[in-house]
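Below is one structure, written out as structure tokens, with a few remarks after it.
The values are calculated or read from the model by the stated rules, or taken from the named source; none is laboratory data. Predicted model only: the values in this text are computed from it and were never measured. Note that each Cβ is placed from the backbone with ideal geometry, even for glycine, and that neighbours are counted across all protein chains shown. Calculation scope for accessible area: heavy atoms of the full protein, side chains included, ligands and nucleic acids excluded. Shrake-Rupley method; radii C 1.70, N 1.55, O 1.52, S 1.80 Å.
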Amino acid sequence: MNRKEFLQNGLILGGATILPTNSLFASSVTEGGIDKLVDGNGNFIQQALPYSDNFLEPSMDAETMHLHYTFHHGGAVKAANNDVKKIKEALDSNAIETIDYWTKKLSFHLSSHILHSIFWTNLTNKQTVPNGDLLKRIEKDFGSFDKLKIYLAKTSKDLDGNGWGILGYQPYTDKLTVLQCENHEKLTQWGVIPLLVLDVWEHAYYLRYKNKRADFVDALFNILNWDNASLRLESALRLVQ
Ligand code: MN3
């Protein structure tokens with residue numbers, strides 16, 4: 001797919017994110033470079049975590065990891081399948097009074113599935129830093145890695161209610177961009193491909209960090225997998241060339 005075709009298909013690809021086939025998680029998480037969120041029948045599926053529940057201790061405790069992955073992410077996958085079913089039923093029976101409700105729900109639940117799927121691979125148990133093309137683009141678009149860290153941390157800490165801080169690649173401008181996403185689907189820019197996502201919903205940190213979201217965000221910065229973000233950028237650029 002060339003850049004023009006990508007831009008024409010932006011609505012389809014806008015929420016999808018990709019890992020190259022040579023990545024550590026490629027075999028189980030992706031298919032053809034795209035995060036594998038559906039099975040052969042088009043039903044949403046949840047991939048296994050790429051590590052054990054306690055892999056990210058102490059920054060993220062095992063109990064939170066288990067609950068977060070199983071019930072919050074897993075719940076969204078089940079709900080997204082139900083939303084699709086309800087939309088189909090409404091169309092098949094020509095009873096469309098509630099179709100706007102299920103359409104909004106699908107936006108919420110599928111966006112949750114996409115962001116959580118990226119989030120797990122964006123974390124690791126060692127300190128990493130951006131390098132190569134990702135670092136060059138960070139310096140070009142934000143001034144320095146330190147400035148990006150300040151920007152992304154502040155955006156994540158100050159989010160109203162529940163949501164995500166996101167570093168993404170915007171193919172329409174060929175720039176990196178930061179989003180402050182409310183819930184899972186609000187305050188985006190069409191076309192942005194997420195590279196690095198920070199879940200700041202209360203369910204992500206409340207057991208260990210209580211009300212101290214800022215402490216959790218600071219801890220997250222010690223376990224962000226910038227190598228994974230680099231792989232995602234490489235794939236995004238390949239897709240739009
Ligand atoms: Mn979450």
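What are the aspartates and glutamates whose alpha-carbon lies under 17 Å from the alpha-carbon of LYS86, with same-chain residues fewer than 8 places away excluded?
Output for LYS86: GLU97, ASP100.
Using R₀ = 35 Å, calculate the FRET efficiency as 1/(1 + (r/R₀)^6) where r is the Cβ-Cβ separation of GLU97 and ASN43; round to 0.05.
Details: r = 25 Å, r/R0 = 0.73.
The calculated FRET efficiency here is 0.85.
Mind ranking 212-220, 94-102 by how tightly packed they are, going by the mean number of other C-beta atoms within 10 angstrom, highest first?
On the way: 212-220: 18.0, 94-102: 11.7.
Ranking, from highest mean packing down: 212-220, 94-102.
Report ILE150's accessible area, 1.4 Å probe, all protein chains in place, as a number in Å² to the nearest 10.
Ignoring ligands and nucleic acids, ILE150 comes out at about 120 Å².
Using R₀ = 45 Å, calculate the FRET efficiency as 1/(1 + (r/R₀)^6) where r is the Cβ-Cβ separation of THR128 and ASN82; round to 0.05. Write down the numbers at each step before the final one.
Numbers: r = 37 Å, r/R0 = 0.83.
It comes out at approximately 0.75.
Summing Lys, Arg as +1 and Asp, Glu as -1, what charge do residues with Cβ under 11 Å from the Cβ of ILE114 carry, ILE114 excluded?
-2
Name the shape class, rounded, prolate or oblate, that the alpha-carbon gyration tensor gives for region 132-240, where a ≥ b ≥ c are the square roots of its eigenvalues, rounded holds for a/c under 1.5, and otherwise prolate holds if a/b is larger than b/c and oblate otherwise.
Details: a/c = 2.02, a/b = 1.59, b/c = 1.27.
Judged from the Cα gyration tensor, region 132-240 comes out prolate (a/c at least 1.5, a/b above b/c).
How much net charge surrounds PHE216 when only the other residues with a Cβ under 13 Å from the Cβ of PHE216 are counted, with Lys and Arg +1 and Asp and Glu -1?
Values: positive: LYS157, ARG208, LYS210, LYS212, ARG213; negative: ASP61, ASP199, GLU202, ASP215, ASP218.
So the environment of PHE216 carries a net charge of 0.
Under a GNM of the chain (C-alpha, springs under 10 Å), which listed residue has the highest mean-square fluctuation: HIS113, HIS73, HIS203?
Of HIS113, HIS73, HIS203, the Gaussian network model singles out HIS203 as fluctuating most.
Report the accessible area of THR177, computed with a 1.4 Å probe over the heavy atoms of all protein chains in place, in Å² rounded to the nearest 10.
20 Å²
Can you return the aspartates and glutamates within cross-link range of LYS157? Criterion is Cα-Cα under 13 Å, with same-chain partners fewer than 8 residues away left out.
Straight-line reach from LYS157, under 13 Å: GLU182, ASP199, GLU202, ASP215, ASP218.
Quick one: grab the alpha carbon gyration tensor of the chain, order the square roots of its eigenvalues as a ≥ b ≥ c, and give me rounded if a/c is under 1.5, else prolate or oblate depending on whether a/b is larger than b/c.
On the way: a/c = 1.56, a/b = 1.20, b/c = 1.30.
Because a/c hits 1.5 or more and a/b fails to exceed b/c, the chain counts as oblate.
If R0 is 45 Å, what FRET efficiency do you get for LYS149 and GLU89 from their C-beta distance, rounded to 0.05? If you can, show how the numbers build up before the last one.
Numbers: r = 47 Å, r/R0 = 1.04.
Given R0 = 45 Å and the Cβ-Cβ separation, E is 0.45.
Please report the net charge: other residues with Cβ closer than 10 Å to the Cβ of VAL178, K and R +1, D and E -1. Could you put the intermediate results ahead of the total?
On the way: positive: LYS154; negative: ASP141.
It works out to a net charge of 0.
Is region 189-241 best put as rounded, prolate or oblate by its Cα gyration tensor, with a ≥ b ≥ c the root eigenvalues, rounded for a/c under 1.5, and otherwise prolate when a/b is larger than b/c, oblate when not? The partial results should precede the final answer.
Working: a/c = 4.37, a/b = 2.28, b/c = 1.92.
It is prolate, given that a/c is not under 1.5 and a/b is the larger ratio.
Bin all alpha-carbon pair distances of region 90-140 at 5 Å intervals from 0 and give each bin's fraction as a whole percent.
Result returned by the calculation: 5, 14, 11, 13, 13, 11, 9, 7, 6, 7, 5.
Can you give me the relative contact order of the chain as a percent, contacts being Cα pairs under 8 Å and 6 or more apart?
Numbers: 379 pairs, mean separation 64.6, N = 241.
Over the chain, the number comes to 27 percent.
Label-point separation (nm) for ARG238 and ASP174, each offset 7 Å from Cα along Cα-to-Cβ?
Taking the simple label geometry, ARG238 and ASP174 are separated by 2.0 nm.
Taking the Cα-to-Cβ direction at TYR206 and at ASP160 and moving 7 Å from each Cα, how far apart do the two end points lie in nm?
Result for the modelled spin labels: 2.1 nm.
A 28 angstrom limit on the alpha carbon distance is what I want to check against. Which of LYS104/LYS136; LYS36/LYS88; LYS78/LYS147; LYS149/LYS210; LYS105/LYS175 exceed it? Before the final figure, lay out the partial values.
On the way: LYS104/LYS136 38 Å; LYS36/LYS88 22 Å; LYS78/LYS147 39 Å; LYS149/LYS210 23 Å; LYS105/LYS175 30 Å.
Where the Cα-Cα span goes over 28 Å, the pairs concerned are LYS104/LYS136; LYS78/LYS147; LYS105/LYS175.
Run the numbers for ASN222 and LYS104: contour at 0.36 nm per residue of separation, minus the present Cα-Cα distance, in nm. Intermediate values should be presented prior to the final figure.
Numbers: separation 118, 0.36 × 118 = 42.48 nm, distance 3.47 nm.
Here the answer is 39.0 nm.
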